[in-house]
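**Q** First the structure, then my questions, so here it is.
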Ligand code: FAD
Ligand code: N01
C-alpha cells in the first residue's frame, strides 16, 4: 500500500474490496477519475476466483477471447490466449499482467479482510474496518467481493479425525499438492468436481467420486488457439465485443430464435448434434429459444444429453447413475474434456450418495452407510455460499444501523445489481437483480463498474455527494426480476442460484434472466431518466477530499 493510495490518516475517496476481475477494474476506473483509492484483498495477491481455485483442471467455460477485459485496445492486442478455454494458471497470469500493466497492485492492501463497513450519518461517510484493526474512512465503497468467493465448509462428522489431507477446490493451496499415486476421494460433482476428477483420474492410484446429484456436462471441444485465429478475431474485436455486450449471455453466439417444438424430430437432433460438436456450455441451449421455458423443449435436450452419457460410459448401471433428471441448464451446466470417459477406467469408482449417504469421516477416510472408503486425500468440491456469502460475512450497516443481512432476510435483493436500498454510496458489482452468474461475468463486471464510474462523474458534475437506491425502486425491480424468472424453469431447480445448497436459506431467484443486452438498456434508460429509482442529494460529507 502506498501513500498514493490512501491519505496519511487513512482516508480515501473510495474503498474497493476484492482484487478479482471486478476489483482490479474498479480501482483502475476510480483512479482515472483522480480519486484516491484504497483496495483491500484477503488473498496475498490479485486474481480473485483465479487465485483461490487452483484445483487440477480448473479452467473457464466462456471462451478466453471473451472472458477477458475489453476496456483497453493495447491490452487486448498484447495478450495472447493459448486455448479456446484458458486454464486457471493462464487466467491468473493474465490478471497479474493487468495488475502490473496498469500499476494497480500498489493500491491494494493484501492479506487483509474487511470485517465491517459502517455508515456514519453524522459525517456522511463509510468506516471500513479490517481484520488488522485498521479503519479507513471514505465517501464510496465498492464491494467487489464476488458471487462465488465464499467456499462452503464441509460439515461432516469426524472431519478432524481424518489422518490424511483434505482440501476444498475453492480454497486450493498455492503450494503444489501431490496427488499422483494417491488414493483420492472427491465429494461433489458440480463444475469444480467434474473438472477435478477429469484431471486427476489419469494420475491417481484410486479415485472415488462421491456423487449426490448428477449434473449435465457438455463437451468443451477445447483446442489450442493459433495465431491466425486470434488475429482474425482481434481484427474485428470491437464488433465482437459489442455483440457480447448486447447479447443475452455476454457471448458472441447469436441468441436462438426458434422453438424446439417448431421443428421435426430429425431437425432437432441435427441441431443438438451440431451443438455437441461445437461444444461449450451452450452446446444444447443455443439450439432453440425455449429450452429454459418449456418442459417439453427441455425434455428433448435432456434426452439427447442422457443418450450421450450412455454412449460414453461402458457400464450401463454407472451410466444410469451419472444421468441427471433435472431440467437441463437450471443447475449450472458443466463443461468437460473427457469426464464421462473416466468411468471406463478401472481405478475410478462412482459412489452414489443417494443410496449410500456419508455417515462420518474417520482416520482412514469416509464411511458411508455401505462401505468404508480408505483414502489419502479427500477433495471437497461442494461449492459456495453463492451470491450472498462474501457480503453476508461482512458486518455491513447502513442508514440507522440497518444491516445488509436484515435487508436480505428474505433472500438477496438489490436495484440493478449495483446498490441495495439503505446503503448510500455503497456499490455492489454483479449483485442481486443483475444478469451476474448467468452471463459472461467479465462483460457484466465492466458494465457495472462503468455505470458506477459514470454515476460518480455525474454526481461530481452537478455537486451531488450521495446516491442511494430507493426502497420502492428496488421492490419494483426485484418483482420484475422474479416475474421474469418465474416464466422459466430456473426457480424449480434445487440450485445454488436460489440458495438451495445452503440449509435453511430462503429461496429466491435473484438473477436478472433477460440477459446482458436488455439489462444494459435498462441501466442506460435509468440514467437518461435522471437516475430513476436512485435518490441523489448534495449530502454534506466533510470527509471527502477536495476534488471529489
Ligand atoms: P472474485 O474473483 O470472486 O473476487 C472477489 C475477491 O474479493 C476475492 O479475491 C476475495 O478474496 C475478495 N474478498 C471477498 N470478501 C472479502 C473481504 N471481506 N475482505 C477482503 N477481500 C474479500 N464466470 C464466467 O463468466 N465464466 C467462467 O468461465 C467462469 N469460470 C469460473 C470458474 C470457477 C472455478 C469459479 C469458482 C467461478 C467461475 N466464474 C466464471 C465466475 C467467476 O467468479 C467470475 O467470472 C469472476 O472471476 C468474478 O470476479 P469478481 O472480481 O467479481 O469476484
Ligand atoms: O459447486 P456446485 P462448484 N455432501 O455447487 C455437492 C462456477 N464454476 O464449485 O447437487 C455431498 O455447483 C452438490 O450436490 P447437490 C460455476 O458457476 C465454473 O462445482 O447439492 N455432496 C454438487 O454436486 C459453478 O456452478 C467452472 O446434491 C455435496 C457439488 O457438491 C459454480 O462455480 C468451474 C455436499 C457442488 O456443486 C460452483 O461450482 C468451477 C455434501 N454435504 C466452478 N454439499 C467452470 O468450468 C454439496 N455437495 C467455468
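**Q** Assess whether residue 437 counts as being assigned by TED's automatic domain parsing to the domain that holds residue 27 and within 16 Å of ligand 2 (Cβ to nearest atom).
**A** yes
**Q** Against the definition (at positive phi, in a loop (DSSP other than H, G, I, E, B) and in contact (Cβ under 8 Å) with a residue 60 or more places away in the chain), how does residue 433 come out, yes or no?
**A** Here the answer is yes, as residue 433 does meet what is asked.
**Q** Can I ask one more? Looking at 115, 86, 99, 93 in this structure, which one is closer than 20 Å to residue 41 by Cβ, within 10 Å of ligand 1 (Cβ to nearest atom) and outside the structural domain of residue 230 (by TED's automatic domain parsing)?
**A** It is 115.
**Q** Restricting the search to the range 10-65, which residues are within 16 Å of ligand 2 (Cβ to nearest atom) and touching a strand residue (DSSP E or B) at 6+ places or on another chain (Cβ under 6 Å)?
**A** Scanning the range 10-65 gives 59, 61.
**Q** Please work out if residue 348 is out of contact with any helix residue (DSSP H, G or I) (no Cβ under 8 Å at 6 or more places or on another chain) and closer than 30 Å to residue 160 by Cα.
**A** When the stated conditions are applied, residue 348 does not pass them.
**Q** Can you pull out the residues in the range 103-147 that are surrounded by 24 or more Cβ atoms within 10 Å (Cβ to Cβ) and closer than 30 Å to residue 191 by Cα?
**A** Result: 114, 142, 143, 144, 145, 146, 147.
The values are calculated or read from the model by the stated rules, or taken from the named source; none is laboratory data. Remember, predicted model here, so these are calculated numbers, not experimental data. No Cβ is skipped: glycine too gets one built from the backbone with ideal geometry, and neighbour counts run over all protein chains shown.
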